[in-house]
Every structure is written in structure tokens, then in C-alpha cells.
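Please treat every number below as a calculation from the coordinates, not as lab data. Computed from a prediction, not measured in an experiment: that's the story for all the values here.
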Ligand code: SLL
């Protein structure tokens, strides 16, 4: 599986989280003591952007060590974890690529935000919607990709 010289493939994608206040009376499942927020963290394509499933095969999310099983692996889309909790922390992500690529996993970090942030207007919107969304646009780069992987990526 030779490499394609002087070539780089770049793809944008999103790492994000959403958090909301739990309505403890309305929960169907019991919520652990002290947990006030629901949240999810995800890796996804940009709306209208290129697919990520061509290159992304698995995501490992490493949560705060206060979680019973902090290392969560998702092997198919949606690449997402949903949880409840009380505190903000940095989530460590490891992205695993299509096996034809021969690429090593790449590391990313995402700050889980539970409280409204940004300008006053933005905070008001987040409060009114009971939804704090925090997303960053990321780019993954494959330098001198393998022939097989290059073929897959350019066949999209
Ligand atoms: C803080 N430095 O104090 C952070 C720590 C801990 C987050 C946040 C619950 C875990 C569980 C949870 O939200 N942990 O009960 O399983 O703000």
C-alpha cells in the first residue's frame, strides 16, 4: 500500500457538546445524586460538508475520572456519548481512521461546557433554549496518504 507523494488530504469536521438543565421530576431513569445537567458530546460532519464516515471509524471519549467507566468507545455513527453530571471538564478524544489509511489515531480535546457562556445575548439565548452548545470546527490532515485510502477519499 504505497503512499501518494506530495499530496495532502484535509477534511473539516465538528467536535461539540450540548448541555441542559435536568428536570429531575420528569426523568424516566433515576439520576445519580448531585447530577443537575444532561449533556452529550459528539463528533459529526459539518452541515452540508463532507461525510466523516469515509475516514472516521471509531472515537474513544475519555471522560472525567469521577465517571464509573470514563473511557467510552463508539464504533459507528453517531459518534456521540450522552450522560448526566454536575461539573465541567475537558473530554479527551481519540479518533481512529479507516484501516486502509495506515494512519495512527489522533488526539483532540474538547471542553464540556454546562453553563451559558459568551456575550450577554448569547447567554440569554442559551438560557431561554435550556441548551448550551459548544462546537469547534476541526481539520484532520493526511499527509502522503496510502494509495488505497487516497482512492477511497477521492471517490466520494
Ligand atoms: C469540577 N473539575 O469540579 C470539575 C470536575 C466532575 C464531573 C467535574 C459526575 C460524575 C459521576 C460529574 O459530573 N463529574 O458522578 O459519575 O467542576
With the calculation restricted to Cα positions, what are the radius of gyration and Dmax of the range 8-154 in angstrom?
17.2, 55
Anyone know which of 96, 42, 107 comes out most mobile in the 10 Å Cα GNM of the chain?
107
Listed residues 97, 142, 13; largest mean-square fluctuation, Gaussian network over the chain with Cα springs below 10 Å, found at 142
Using only the alpha-carbon atoms, how far is helix 120-129 inclined from the longest principal axis of the chain? Give it as 0 to 90 degrees, nearest 10.
80
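Once you keep just the Cα pairs under 8 angstrom separated by 6 or more residues, what percentage relative contact order results for the range 29-156? Mind showing how you got there, number by number?
Working: 173 pairs, mean separation 28.8, N = 128.
Contact order relative to length: 23 percent.
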